[in-house]
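In what follows, a single structure is set out as structure tokens and then discussed.
Taken together, the values in this text are just the output of simple stated rules run on the coordinates, not laboratory data. Because the structure is predicted, anything quoted here is derived from the model rather than measured. We place every Cβ from the backbone using ideal geometry, glycine too, and count neighbours over all the protein chains shown.
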Amino acid sequence: MSLVNLANVCCHLQNCTMARLPLAKVPYTRLHLQIALGLYNEGFVSSVQRGSINGPDITPVEVTPDNISTRRLWLGLKYRNNKPVLSHLRLISKPNRRVRLTNEELGHFASGKRVRFIPPMKPDEVVFLRTNKGEILNLYEAVKKQLDGELLCRAS
Amino acid sequence: MGKGAIRFGGKSGVLPKPRQIFKQPYKHEVYVKAHDTGYADGIIHPRGTTRDLIRPEVFTPEQRLKKTAKLPNKKYSEVELGQMPEAQRYKVKNAEMRRQYLKESYEGEVKRLERLESYQKKLSEERKKIEEEAQKHEKSKAELYTIPTVESYLKGPLMKLRTEEETETLKLKREANRLAQEMKVKEERAIKLMELYNASSDFAITEGKLELLVDEAFSDRKLKEVSKLLNINPDRLGTLPTTIEFENSLKDVILGNVNRGPSYEVVEDTLSGFNDEVHEIAERGKEEKKIQMKQEAEEKQKKLQELQDEMVKDREEASN
């Protein structure tokens, strides 16, 4: 899956939180769903719902080739003291500059050190990476499982 | 605003709204400060205002009675009342009666207010009960175990693919659509071609015909027609006699002609044999009618012959 779409989603979510919107819609793809669930598990978004371009589904709707173009993921955005919980969501790997790290490098990065050109992790940051099997994991999970992976994006 | 009945929209006999008897609270109540209201500790309040809310003063019905209709200082006995002049006795009794009625009305009001209060209390309790029950509501097992979780979407394919049958039907549908579209375009082209073909009979393709057409266009007859058209009064358009051109175009519409030649539809009907069929049916009808008329004529002839024979016979008999 191209990272261009993920970059668009990152940008869109940042724009939505800046506009203080309660819900944001992103295209319905496997990568976006995995990232959205990662954000949900880390507490950056309040809900993840499937839906159409018009809004979240009230009853589950089957995804078919006829309606795939109108399917969307609806994310509930969180705010605290009038400030967005998810204020930064940026790509680390770019479409033409992929960052694949070994488990050792991932360990260094997770411990707060600079790896190559990537700025070190801040305490409040969460990094998502894609393993060789195509799973989307949190950086710490990948380090625990001793996996290599491609760094996708960082959220804070 | 006006005066009198005008004040009430020109209606007389409008009763005033019933006023409250007790404007202040009639009984003591323990006020509980609502949560998150007023000034917090350490926060100063504006000068000239109070830190705590001033509650209205309680004025009980007893106090009210004491103030407005207190008992007389002296209570007269029956003997004393009997000795009094009538006017004074009436005054004393009237005052006593008024006091009594006022007391009764206060008691009635207190009863009404208490009834209202108990009703409100009951209502709020019931509402609270319904709310508590709603809070306890749990999802049914069917709901809990059948609604898919978002994580479950990641297990299988994100989209349900079309079955072979569905793909086949879709293919056929698209093919049919494409063919229908092509057919429509071809038909339109054929219609236009037919029009052009019919119109081509009027085209000037030789020098002689061109000269003929030019001469005709600038002939006296044509010029007269144009001047006639220019002089037409628009009010009398409906009463004008129909021109030959109009009649011709009407004929074309009825016969399905375009540019004085057969239209595409007529050609199509002829080629498909539809026109032949119609022609055949018409011919058949014509033949049948002819035979029928012939038979009728023969029968008439026969009858005439019989009549003639009878007349001849009668004459012969008469002469004999």
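Observations, loosely collected:
- Calculated from backbone phi, Karplus (6.51, -1.76, 1.60) coupling profile of segment B:19-36 in Hz, x at Gly/Pro: 9, 5, 6, 9, 7, 9, x, 8, 9, 6, 9, 8, 7, 10, 5, 5, 5, 6
- A DSSP coil position with no more than 15 other Cβ atoms inside 10 Å describes the following trypsin sites (Lys or Arg not before Pro) in segment B:135-212: B:LYS139, B:LYS155, B:LYS160, B:ARG162.
- For segment B:54-147, alpha-carbon Rg relative to the globular expectation (2.2 N^0.38 Å, N residues): 2.29
- Sorted fewest first by neighbouring Cβ atoms within 10 angstrom, B:LEU123, A:LEU137 come out as B:LEU123, A:LEU137.
- Its residue count N fixes a reference of 2.2 N^0.38 Å for segment A:3-84, and the Cα radius of gyration divided by that reference is 1.08.
- Whole-Å distance, taken between Cα centres, linking segment A:50-110 and segment A:1-48: 3 Å
- Least to most buried among B:SER249, A:SER111 (fewest other Cβ within 10 Å first): A:SER111, B:SER249
- Rg over Rh [alpha-carbon atoms, Kirkwood Rh] for the protein assembly as shown: 1.34
- Per the Debye formula on identical point scatterers at the alpha carbon atoms of chain B, with no solvent, log10 I(q)/I(0) at q = 0.10, 0.15 Å⁻¹ is -1.12, -1.40.
- Loop trypsin sites (Lys or Arg not before Pro), segment A:117-152 (other Cβ atoms within 10 Å of the site Cβ: 10 or fewer; DSSP): A:LYS133
- For the peptide A:49-62, the mean number of other protein chain Cβ atoms found within 10 angstrom of a residue's Cβ is 1.
- Annotation: amide H-H contacts under 5 Å for A:ARG50 (H modelled 1.01 Å from N, sequence separation of 5 or more, or interchain): A:ASP57, A:TRP74.
- Averaging Cα coordinates gives a centre for segment B:173-201 and one for segment B:91-142; these two points are 85 Å apart.
- Placing a label point 7 Å from the Cα of B:LEU213 along the Cα-to-Cβ direction, the residues of segment B:240-273 whose backbone N falls under 18 Å from that point are B:259-261.
- Loop-resident chymotrypsin sites (Phe, Trp or Tyr not before Pro) (DSSP state other than H, G, I, E or B) in segment B:109-213 with no more than 15 further Cβ atoms inside 10 Å of their Cβ: B:PHE203.
- Theoretical FRET efficiency, 1/(1+(r/R0)^6), r = Cβ-Cβ of B:LEU255 and B:THR206, R0 30 Å, to 0.05: 0.55
- For the protein assembly as shown, the Cβ-based charge dipole about the Cα centre amounts to some 6380 debye (Lys, Arg positive; Asp, Glu negative; other atoms uncharged).
- The ranking of B:TYR76, B:TYR101 by Cβ neighbour count inside 10 Å, starting from the fewest, reads B:TYR101, B:TYR76.
- Using bins of 5 Å that start at zero, the share of Cα-Cα pairs per bin across chain A amounts to 2, 9, 18, 21, 19, 15, 10, 5, 2, 0, in whole %.
- Within chain B, longest stretch clear of exposed GluC sites (Glu not before Pro) (DSSP loop, no more than 16 other Cβ within 10 Å): B:139-320
- Residues of type lysines that B:LYS303 reaches as a straight line, Cα spacing below 17 Å, ignoring anything fewer than 8 places off in the same chain: B:LYS294, B:LYS313
- Simple label model, 7 Å out from Cα along Cβ direction - B:ARG99 to B:THR270, nm: 12.4 nm
- Helix B:274-319 vs. chain B, principal-axis angle (Cα, 0 to 90°, nearest 10): 70 degrees
- Paramagnetic reach from B:LYS111 (point 7 Å along Cα→Cβ, amide N under 18 Å) across segment B:31-71: B:61-62
- For chain A: relative contact order, % (alpha-carbon pairs under 8 angstrom, 6 or more apart): 24 percent
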